[in-house]
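**Student:** Mind having a look at this structure? Questions to follow.
The values are calculated or read from the model by the stated rules, or taken from the named source; none is laboratory data. Note that the structure is a prediction, hence the values are computed from the model and not measured. Positions of Cβ are generated from backbone atoms using ideal geometry, with glycine treated the same way; all protein chains shown enter the neighbour counts. Note: accessible area is taken over every heavy atom of the protein model, side chains too, but ligands, DNA and RNA are not part of it. Shrake-Rupley method; radii C 1.70, N 1.55, O 1.52, S 1.80 Å.
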Amino acid sequence: MAPTGKVLGIIFPNMHDEAIPELTRIRTMASVPFGGRYRMIDFILSGFVAAGIDNICVVPRTSYVSLMDHIGSGKEWDLARKRGGVKIFPPYGEAGTKTGKGKIGALESIVGYIESAQCDYVVLSDCDIACAIDFDDVIKYHTENDADITIVYRREKHDPAAKSDNMTLELDGTRVSEVLINDISDKEVNSGMWTYVINKSLLVKTIHSCKSRGLKAFEQDVLQSSTDILNIQAYEYKGYASRITSLKSYFDANMNLLKKGNISSLFRQYPIYTKIRDDAPVRYTIGSTAKNVIEGDGCFIEGDVCSSVLFRGVKIGKDAVVRNCILMQDTVIEDGVWIENVICDKAVEISKGEKVIGSSSHPVYIGKKTRV
């Protein structure tokens, strides 16, 4: 376990919002629901906690109300404390201008906090990948290789949907020799996971240097230009991961949890914590069926559900048929409804007898609080 107080964690919740505008119009990528009861930020937060990182900054840009509601005081992650804990900073950006986009802009807004933090290393992470990174092992790898920066990567093929949002590492042994941005290939590559360990002193120096030069993008302006002058190491993550690059990839990532072994692969590394909602257990009526379904607390099922992910408080009416669907919190499917390959955002209502059918390649999305 990393020494308490020696590592500062920084999370960027808005990076990659453009990948799924349907879901991030009213929320950050970090607060996108996943897997029946979680949010995307839960995987990074829980990984930090498991590694003993108990001083965590969340630096949003916009649409962060639901994120604040989800994290609250941090109690569910044992981060409600006087010193350290989890802090959500206000949106960053200069007065009179639109809020900034790059990581450097976000880091500039909290550089004073970083400078005052009692730590030797800083972990930076986005929230677009459901995974279970062993941050304790990453930090150990970073120190053993006397690295300036360590980049976590995974061997995988780039999703074509991420043609303008990907990073590829060229390696010389374990050292990063080149960083390629948006270089789409149909072959398996060293795909960056937008997660880094960096020495605190170097990070502070880099923030001030970038500010004086008007630079904002960490990957392009820092990583790409520093491979020859810094010891940038690559740490390979070999565990289960689902990267969210589009609405279809979000649908597939949730559906993949229904396949044998995937849930245990994602959750075996350490507990994944999330906000608690005190609901009754799932209830089924006589004659209802549920096969290959993930169900959150408080669901009430009277119909026929198969191969679907139901979040907390979902209600399925009599004679309703649900196939290959993602139904978010408090969705109501009334009697006699037939839906297939549908993503319902929170508190959607589908009226009695309606039929909504999409395809696995083009799932239908229904917005929050919509009545069909």
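**Student:** Taking the solvent-accessible surface of protein heavy atoms with a 1.4 Å probe, what is the per residue accessible area of the chain in Å²?
**Tutor:** 43 Å²
**Student:** May I pose another question? Using alpha carbons only, how many angstrom separate the centre of the range 267-319 from the centre of the range 126-154?
**Tutor:** One Cα centre to the other: 34 Å.
**Student:** Rounded, prolate or oblate: pick one for the range 197-330, where a ≥ b ≥ c are the square roots of the eigenvalues of its C-alpha gyration tensor, a/c under 1.5 means rounded, and failing that, prolate if a/b is larger than b/c, else oblate. Don't skip to the answer; put the middle values down first.
**Tutor:** Working: a/c = 3.11, a/b = 2.85, b/c = 1.09.
Cα axes put the range 197-330 in the prolate bin.
**Student:** Where both residues lie in the chain, what percent of DSSP beta bridges are antiparallel, nearest 5?
**Tutor:** Working: 27 of 75 bridges.
Around 35 percent of the beta bridges assigned by DSSP in the chain are antiparallel ones.
**Student:** Going through the range 178-249, which trypsin sites (Lys or Arg not before Pro) have at most 15 other Cβ atoms within 10 Å and a DSSP loop state?
**Tutor:** Lys187, Lys238
**Student:** If you don't mind, there's one more thing I want to ask. Helix-derived [θ] at 222 nm for the chain: sum -39500 (n - 2.57) over DSSP H runs of at least 4, divide by residue count, nearest 500?
**Tutor:** So the calculated ellipticity at 222 nm is -5500 deg cm²/dmol.
**Student:** Let me ask another. Need one word for the range 327-372: rounded, prolate or oblate. Basis is the Cα gyration tensor (sqrt eigenvalues a ≥ b ≥ c); a/c below 1.5 gives rounded, then a/b vs b/c decides. Intermediate values should be presented prior to the final figure.
**Tutor:** On the way: a/c = 2.11, a/b = 1.16, b/c = 1.82.
Oblate.
**Student:** Let me ask something else. Once you place label points 7 Å from the Cα toward the Cβ at Arg83 and Lys6, how far apart are they in nm?
**Tutor:** Taking the two extended label points, one gets 1.6 nm.
**Student:** Connecting C-alpha atoms closer than 10 Å in a GNM of the chain, tell me which of Gly173, Gly36, Gly303 has the biggest fluctuation.
**Tutor:** Most flexible of the set in this elastic network: Gly173.
**Student:** Within the range 349-366, which residues have the backbone N less than 12 Å from the label spot 7 Å out from Arg323 along Cα→beta-carbon, could you tell me?
**Tutor:** Of the residues in the range 349-366, 356-360 have backbone N under 12 Å from the label point off Arg323.
**Student:** At 0.36 nm per residue, minus the direct Cα-Cα distance, what do Asn231 and Ser351 gain on full extension? Give it in nm, one decimal, please.
**Tutor:** Residue separation times 0.36 nm, minus the Cα-Cα distance, leaves 37.3 nm.
**Student:** Which lysines, if any, have their Cα less than 23 Å from the Cα of Lys216, not counting same-chain residues under 8 positions apart?
**Tutor:** Straight-line reach from Lys216, under 23 Å: Lys87, Lys98, Lys101, Lys103, Lys163, Lys200, Lys205.
**Student:** Quick one: if the Förster radius is 56 Å, what FRET efficiency do Arg213 and Lys260 give, using the C-beta to C-beta distance and rounding to 0.05?
**Tutor:** 0.60
**Student:** Now for a different question. Could you give the nm distance between label points at Gln220 and Tyr113, where each point is 7 Å from its Cα heading toward the beta carbon?
**Tutor:** 2.6 nm
**Student:** Can you list the residues of the range 63-90 with backbone N under 20 Å from a point 7 Å past the Cα of Asp278, pointing along Cα to Cβ?
**Tutor:** 69-80
**Student:** Can you sort Ile357, Ile301, Ile229 by 1.4 Å-probe accessible area, starting with the largest?
**Tutor:** So the residues, ranked largest to smallest area, are Ile229, Ile357, Ile301.
**Student:** Rounded to the nearest 10 degrees, what's the angle between the helix 247-256 long axis and the longest principal axis of the chain, both from Cα atoms, 0 to 90?
**Tutor:** Once rounded, one gets 70 degrees.
**Student:** Does anyone have the angle between helix 135-144 and the longest principal axis of the chain? Alpha-carbon axes, 0 to 90°, nearest 10?
**Tutor:** The angle comes out at about 20 degrees.
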